[in-house]
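Just below is one structure, and these are the notes that go with it.
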Amino acid sequence: MSEQSIQSDDMTLKRVFQDFYRVPDYQREYVWGEVDPKGERGDEVEQFLKDIHQEFENATKDSAPEYFIGTVVVCPAQDGVMDLIDGQQRTTTTFLALCAIRDVLSEQGNSVPDELRGQIAASTVDWQGVATHRLRLDLQYEDARGVLEEYGDGKGLKATSTGTRSIANLAGAYQTIREFLTTQFKEDPDGLRRFHGYFTNKVKLIRIQTSSVAKALKIFETINDRGVGLDAMDLLKNLLFMHASQAQFIKLKDLWKSVTDTIYGVREKPLRFLRYFVFSSFDSDGKLLEDEIYDWFVKNNMQTRVAADPVAFASKLLDAAKAYSCFVRGQNSVGSPEQGLINTRYLGGRAFRQHFILLLAGRHLAPHLFSKLALETENLIFVWLVTDTSTKDYERLIIDAAAKLRAVQTDQQFDGFVQAFFVPRKRDLSDRFHSILTRLQTGDMRAYRMRYILAKLTQHFDVLAYGGTGGHGLLSSYIDGKNDIEHILPDTPSIAALAEFGEAEADQDIIQRLGNLCLVEEAVNRALGNKPYSEKSVVYPSSQFLLTKCQAGHPVVGVADRITKTAQTIPTFPTWNRSSVEARQAYLARTARTVWGVPELASMPSAQIAEVTA
């Protein structure tokens, strides 16, 4: 075969498995049948077998339909083994199916065809007469750790099934195949042997053979143009190796493995990470969809240098992946707990991620500036969520801000960034923010978000009174502790409680108002029950939360101490009625401006404010 030639052959699986194959260590791991974050296993392996079996059942005594499973791309190595560049998932699944057919026949005490054994492993003799026994398929990437040899040697269901993502996926695939075969051919060894005959003689693929790895990678890219059959992560990896020198392969392989291990290690969606990486690191129009990511990298090599310097690009990608994984855990980019990130997780839920775009853009900041960024981001996200700002709108704003944040280095530049981005965004929504909080009820938002609001408001006064050290500085002390949301007028009030409140019957519109809620310790809540307010008012002072302690009256602590001064700013309610609920809610809504840094001026558009303050 000449240096530039490409050889394409239409082959049965019998012909395919007369040669030996090796999946290079820089290739993608085995992922068919992988368990997703919801615990559901992918159906690629079962569907692969079902499609083939359906055609097998259409066979007659004299003829059988052929079945095409796709294309593989290979490149011969010097030792005569084919490097498998594309088609690993189908080829590995086929090899596992051959092993499973052999194992089922053997375990049932039936003879195994010699040809089947030879399709799994065989010996070759080199020109010096040295015999080498090897499997027809060898997985060289580290995650496989030689487990395929266990299937080749007949260990089957006793093969190693845990340890790495690939080992688990291979075990899952083998078990799926075994279950399929035993279901379809239970106590029918002749039927199973016929299926093997059909499988190897009538199932076909096209094998494309090239003279170099670079050419094979280019063909891989062409076959999978625009991500058909593969996602942008796979194609990006291929793009990197296609432009790397052979000497860079080991370094690039290690970098890429670290990237994927890091992202999968926090159960993150790789394409979401890749999309956010683009927005945080490069100039884009902010409209990039996941299925457009690969094409974007191909078209933007000038700024990404993904082809010009693949190792440097992979290193930058790994740096972002490590930071991203820290953000998922509520940590800054060096792995220390970051309260703004932890709080935003309480606010938005564990799946909330859009703010990571901004955090990735600012991961280079000094620790004290990054902490400010995380807290400012928490506050703005809260304002957006409370005011029902659409995800599309605030993601666009975050992307625009990320482009500017990348250039920020000094404290002065960061302060300018805060004034230019965070302050105007909150000011524009100030009136709406205040209006919503003055009439907020539990049914207006998810329970965890209402708990976040009460926790932040409660924490605010404790920090003013006792300082931010210890548990007072951690929102988890208020959210994760054994604390309850207390309805001051009980959710199911007694007749006495209603009579004191001045209502004839329970009104859920007033009971579920923010002004009728407070945070109390579990033990205190048990003592409160659904009693009338006159009985509750003597229990509230036993709470350690200053906002709750001051519900019915100010505690006597000192004369001018910090705690007393803070307590005196909190309104008290000796009696509790509809007017009290409204007054307390109005106070909490005003306090919320301070807690989340929302300026009161909202009558002037941001552009005009920028001109006035310039």
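Where a number appears in this text, it was derived from the coordinates with a stated rule and is not lab data. Keep in mind it's a predicted model, so treat the numbers as computed, not measured. Counting neighbours? That spans all protein chains shown, and the Cβs are built from the backbone with ideal geometry, glycine included.
Which of the residue pairs K50/K204; K456/K531; K155/K202; K218/K251; K14/K218; K287/K426 have a Cα-Cα distance greater than 18 Å in the structure shown? Could you put the intermediate results ahead of the total?
On the way: K50/K204 16 Å; K456/K531 27 Å; K155/K202 28 Å; K218/K251 20 Å; K14/K218 27 Å; K287/K426 24 Å.
From K50/K204; K456/K531; K155/K202; K218/K251; K14/K218; K287/K426, over 18 Å: K456/K531; K155/K202; K218/K251; K14/K218; K287/K426.
In nm, to one decimal, how far is the K218 label point from the Q18 one, both placed 7 Å along Cα→Cβ?
3.0 nm
Could you calculate the FRET efficiency of E66 with D400 from 1/(1 + (r/R0)^6), where r is the beta carbon distance between them and R0 is 45 Å, rounded to 0.05?
On the way: r = 55 Å, r/R0 = 1.22.
It comes out at approximately 0.25.
Any chance you could give the angle, 0 to 90 degrees and rounded to 10, that helix 447-466 forms with the longest Cα principal axis of the chain?
Helix 447-466 sits at roughly 50 degrees to that axis.
Mark the label point 7 Å from the Cα of V31 along Cα→Cβ and return the residues of the stretch 289-305 whose backbone N is within less than 20 Å of it.
Correct set: 289-298.
Report, in debye and to the nearest 20, how large the dipole of the chain comes out about its Cα centre when Lys and Arg carry +1 and Asp and Glu carry -1 on their Cβ. Don't jump to the answer; show the numbers that get you there.
Details: 71 positive and 79 negative charges, 270 e Å.
Using only the charged Cβ atoms, the result is roughly 1300 debye.
Over 24 Å apart: what share of the alpha carbon pairs of the stretch 254-408 falls there, rounded to a whole percent?
Details: 3486 of 11935 pairs.
Beyond 24 Å sits 29 percent of the P(r) for the stretch 254-408.
So what is the diffusion coefficient of the stretch 189-307 in µm² per second by Stokes-Einstein at 4 °C and 1.567 mPa s, using a Kirkwood Rh over Cα pairs? All intermediate terms of the calculation are to be shown ahead of the outcome.
Details: Rh = 16.8 Å.
Answer from the Stokes-Einstein relation: 77 µm²/s.
Work out, step by step, the length gained on full extension between E55 and A307: first 0.36 nm times the residue separation, then minus their alpha carbon distance; give nm to one decimal. List each step's numbers first, then the result.
Numbers: separation 252, 0.36 × 252 = 90.72 nm, distance 4.34 nm.
Result: 86.4 nm gained on full extension.
FRET efficiency for A121 and D254, Cβ-Cβ distance as r, R0 = 30 Å, nearest 0.05?
0.50
Helix 189-202: angle to the longest alpha-carbon principal axis of the chain, degrees 0 to 90, nearest 10?
Once rounded, the angle reads 90 degrees.
For the chain, taking Cα atoms only, what is the radius of gyration to one decimal and the Dmax to the nearest whole Å?
Expressed in Å, the Cα Rg and Dmax of the chain come to 32.4, 103.
Helix-derived [θ] at 222 nm for the chain: sum -39500 (n - 2.57) over DSSP H runs of at least 4, divide by residue count, nearest 500?
Values: 31 runs with 322 residues, N = 614.
Value at 222 nm, helices only, nearest 500: -15500 deg cm²/dmol.
Suppose the chain between S315 and T391 were pulled fully straight at 0.36 nm per residue; how much longer would it get relative to their current alpha carbon spacing?
Going from the current span to full extension adds 24.3 nm.
What relative contact order, as a whole-number percentage, does the chain give when Cα pairs under 8 Å and 6 or more residues apart are counted? Could you put the intermediate results ahead of the total?
Details: 858 pairs, mean separation 68.0, N = 614.
Result for the chain is 11 percent.
Given points 7 Å out from each Cα along the Cα-Cβ axis, report the A583 to A523 separation in nanometres with one decimal.
3.2 nm
How high is the relative contact order of the stretch 129-168, in percent, counting Cα pairs under 8 Å that sit 6 or more residues apart? Walk me through the intermediate numbers first.
Values: 26 pairs, mean separation 13.7, N = 40.
Dividing the mean separation by the residue count of the stretch 129-168 yields 34 percent.
Apply 1/(1 + (r/R0)^6) to the Cβ-Cβ distance of V298 and I6, taking R0 = 30 Å, and write down the FRET efficiency to the nearest 0.05. Provide the component values of the computation, followed by the final result.
Values: r = 22 Å, r/R0 = 0.72.
Efficiency, from the Cβ-Cβ distance: 0.85.
With axes computed from alpha carbons, what is the tilt in degrees of helix 44-57 against the longest principal axis of the chain, rounded to the nearest 10 within 0 to 90?
40 degrees
Label T410 and S211 with points 7 Å out from Cα along Cα→Cβ: what is the distance between them in nm?
Result: 5.9 nm between the two label points.
Quick one: grab the alpha carbon gyration tensor of the stretch 343-407, order the square roots of its eigenvalues as a ≥ b ≥ c, and give me rounded if a/c is under 1.5, else prolate or oblate depending on whether a/b is larger than b/c. Mind showing how you got there, number by number?
Values: a/c = 2.02, a/b = 1.35, b/c = 1.49.
Note, shape of the stretch 343-407 comes out oblate.
Going by how many other beta carbons lie within 10 Å of each one, how would you line up H196, H554, fewest first? Show your work: numbers first, answer last.
Numbers: H196 22, H554 16.
With the fewest neighbours first, H196, H554 line up as H554, H196.
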